[in-house]
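The values are calculated or read from the model by the stated rules, or taken from the named source; none is laboratory data. These numbers come from a predicted model, not from an experiment. Neighbour counts run over all protein chains shown; Cβ positions are idealised from the backbone, glycine included. The accessibility values were calculated without ligands, DNA or RNA, using every heavy atom of the protein model including side chains. Shrake-Rupley method; radii C 1.70, N 1.55, O 1.52, S 1.80 Å.
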Amino acid sequence: MSPSPVVAAGTVYGVLLNSQDEWAAWARHMSEPPYKAAPKAPVLYVKTANTWSACGAAIAVPARATQVEIGASLALVIGAPASQVSPQAALQHVAAYILVNDLSLPHTSYYRPPVKYKNLDGFLGIGPRCATPAEVGDPNRLRLEVRVDGHLRQTVDLGQMLRPAAQLIADVSEFMTLRHGDVLLLGLGAHRPLAHAGQRIEIRAAGLDALGVLTNTLVEDLS
């Protein structure tokens, strides 16, 4: 099943600082200005419609960037509106799961991700398949594998998320309604691998064929 009709129906929200290793990597900076404290709510950002790229599509790397940061994640597609739901009921609001590649230019912001680094044209690989909740089961049992030109570069253990999928939905829905068709990314691992134009990126969930393999090739932006 193509993910496009589902994803295009709503807003795509990314989440930072949700993996234990990413939190640990930034923890010493959290007491520094301007915030001087660790965040208490999920740190969200939006991936705008111009970023969406189908599986197999070429993604252009701007001339000003020598490398891009790969962001393997699992997307939760909301099927029924979620407002102030409990963790126990949260996954009942998920209609499907999709692999995504949340690309970004390397940057040092973690509280407020800069739009100009994360929302370049094509910077969200999506697909190739929607998997049902029955096929996925517990989404936090999955391990995502990132390969660049066939070489394993990163493994993201979704079991190491500070807020598992159900808790994340509950915490986000506490202050905003997630609507039918909205997409919530579960989070990213730390030390995300870099890639450059000419390289092929593959993301898969180990042991779960229902999600398929998300592939995209980076190309030079000649515009």
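Brief remarks on what is shown
- In the set 157, 149, only one residue is surrounded by fewer than 14 Cβ atoms within 10 Å (Cβ to Cβ), charged (D, E, K, R) and within 25 Å of residue 55 (Cα to Cα); that residue is 149.
- Any hit, the stretch 114-126, residues being within 20 Å of residue 22 (Cα to Cα), assigned to a loop (DSSP other than H, G, I, E, B) and without any contact (Cβ under 8 Å) to a residue 60 or more places away in the chain: yes
- Some residue of the stretch 127-140 being over 30 Å from residue 86 (Cβ atoms) and either part of a loop (DSSP other than H, G, I, E, B) or under 17 Å from the mean Cα position of the chain (by Cα) (or both): yes
- Only listed residue being buried (at least 18 other Cβ atoms within 10 Å of the Cβ) and in contact with a strand residue (DSSP E or B) (Cβ under 8 Å, 6 or more places away or on another chain), chosen from 75, 80, 95: 75
- Any hit, the stretch 131-143, residues being closer than 16 Å to residue 19 by Cα and either β-branched (Val, Ile, Thr) or open to solvent by less than 10 Å² (accessible area, probe 1.4 Å) (or both): yes
Every residue, every condition in (1) modelled with pLDDT of 95 or more; (2) within 14 Å of the chain's Cα centre (by Cα), yes or no:
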site	(1), (2)
91	yes, no
103	yes, yes
115	no, no
123	yes, yes
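- Options 63, 54; residue that is modelled with pLDDT under 95, within 27 Å of residue 223 (Cβ to Cβ), under 18 Å from the mean Cα position of the chain (by Cα) and of a type outside the set (Val, Ile, Thr): 54
- The residue that is nearest to residue 120 (Cα to Cα), among those in the stretch 36-53 that are open to solvent by less than 40 Å² (accessible area, probe 1.4 Å) and outside any loop (DSSP other than H, G, I, E, B), is 51.
- Residue under evaluation residue 27, criteria (1) open to solvent by 50 Å² or more (accessible area, probe 1.4 Å); (2) assigned to a helix (DSSP H, G or I), criterion not met: (1)
- Selection status of residue 170, farther than 16 Å from residue 97 by Cα, among the aliphatic types (A, V, I, L, M), outside any loop (DSSP other than H, G, I, E, B) and open to solvent by less than 20 Å² (accessible area, probe 1.4 Å): yes
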